[in-house]
Amino acid sequence: AQSVTQLGSHVSVSEGALVLLRCNYSSSVPPYLFWYVQYPNQGLQLLLKYTSAATLVKGINGFEAEFKKSETSFHLTKPSAHMSDAAEYFCAVSVTGFQKLVFGTGTRLLVSP
Amino acid sequence: KAGVTQTPRYLIKTRGQQVTLSCSPISGHRSVSWYQQTPGQGLQFLFEYFSETQRNKGNFPGRFSGRQFSNSRSEMNVSTLELGDSALYLCASSLEGLAGRTGELFFGEGSRLTVL
């Protein structure tokens with residue numbers, strides 16, 4: 001069975017600083033990997049996805065993630081944090097199809113001025 | 001283009017009651033999935049429907065059920081509610097293209113259920 005581990009339930013950065021949110025996956029077969037963002041009282045929005053094409057994936061709002069098979073990682077980064085990036089971020093994996101996702105526990109990103 | 005619409009947004013029930021939640025997918029989307037989000041268990045997959053058929057199912061008891069109508073709208077039902085069923089229930093729809101599933105779920109804002 002596949003699983004996802006997100007290191008750090010909370011990450012705090014200053015505005016303009018690098019954002020790094022960690023995600024490690026476990027899967028016996030090549031996975032599909034996703035990052036979603038959730039703002040308060042809202043549903044989830046797809047940031048980016050890895051589907052076995054390019055290992056460096058660019059998403060919306062300046063985020064990107066790199067698939068590293070040797071490290072079983074799919075960390076999310078953004079060069080410069082903005083106050084509007086404050087939200088909860090979820091990493092997810094699927095091997096059976098895009099509809100049946102296994103989510104990590106989430107990382108809440110706090111951005112201070 | 002309207003997004004995924006879930007109703008009701010908030011509801012309060014008591015133990016033993018049942019509840020029905022509704023989801024209207026984005027126009028043209030035929031796949032609808034349901035997820036439960038709780039502080040303790042996080043986001044967990046409930047089930048997925050496509051063309052009125054349940055295609056995938058998560059590890060939830062039989063008290064949780066769902067269905068999909070011919071217009072792709074979906075409902076989920078929870079019977080004999082327990083305190084632990086308090087959660088945000090999220091519905092997501094997706095478009096299936098000629099090459100198969102496109103890989104993006106579009107989520108609604110959820111229905112927040114409180115069981116007292």
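Details
- The number of residues in segment B:45-54 being free of Cβ contacts under 8 Å to residues at least 24 places away in the same chain and either assigned to a strand (DSSP E or B) or farther than 18 Å from B:LEU21 by Cα (or both) comes to 5.
- Taking every residue in segment B:28-44 that is at the interface with chain A (Cβ under 8 Å from one of its Cβ atoms) and pairing it with any residue that is of a type in the set (Lys, Arg) and part of a loop (DSSP other than H, G, I, E, B), at least 6 positions away or on another chain, the pairs with Cβ-Cβ distances below 9 Å are B:SER33/A:LYS100.
- Taking the criterion of being surrounded by 18 or more Cβ atoms within 10 Å (Cβ to Cβ) and either away from chain A (no Cβ under 11 Å) or modelled with pLDDT of 70 or more (or both), the residues of segment B:97-108 that qualify are B:LEU105, B:PHE106, B:PHE107, B:GLY108.
- Matching residues in segment A:2-24 - criterion: being in contact with a strand residue (DSSP E or B) (Cβ under 8 Å, 6 or more places away or on another chain) and not in a strand (DSSP E or B): A:GLN2, A:GLY8, A:SER9, A:GLU15, A:LEU18
- Residues (without any contact (Cβ under 8 Å) to a residue 60 or more places away in the chain, more than 24 Å from B:SER93 (Cβ to Cβ) and more than 11 Å from the chain's Cα centre (by Cα)) located in segment A:74-113: A:SER84, A:ALA86
- Segment A:48-89 holds no strands (runs of 3 or more DSSP E) entirely within its bounds that carry 3 or more residues that are of a type in the set (A, V, I, L, M).
- Residue within segment B:89-96 that is in contact with a strand residue (DSSP E or B) (Cβ under 9 Å, 6 or more places away or on another chain), at pLDDT below 95 and not in a strand (DSSP E or B) present: yes
The values are calculated or read from the model by the stated rules, or taken from the named source; none is laboratory data. What you are looking at is a predicted structure, and each value in this text was computed from that prediction instead of being measured. Positions of Cβ are generated from backbone atoms using ideal geometry, with glycine treated the same way; all protein chains shown enter the neighbour counts.
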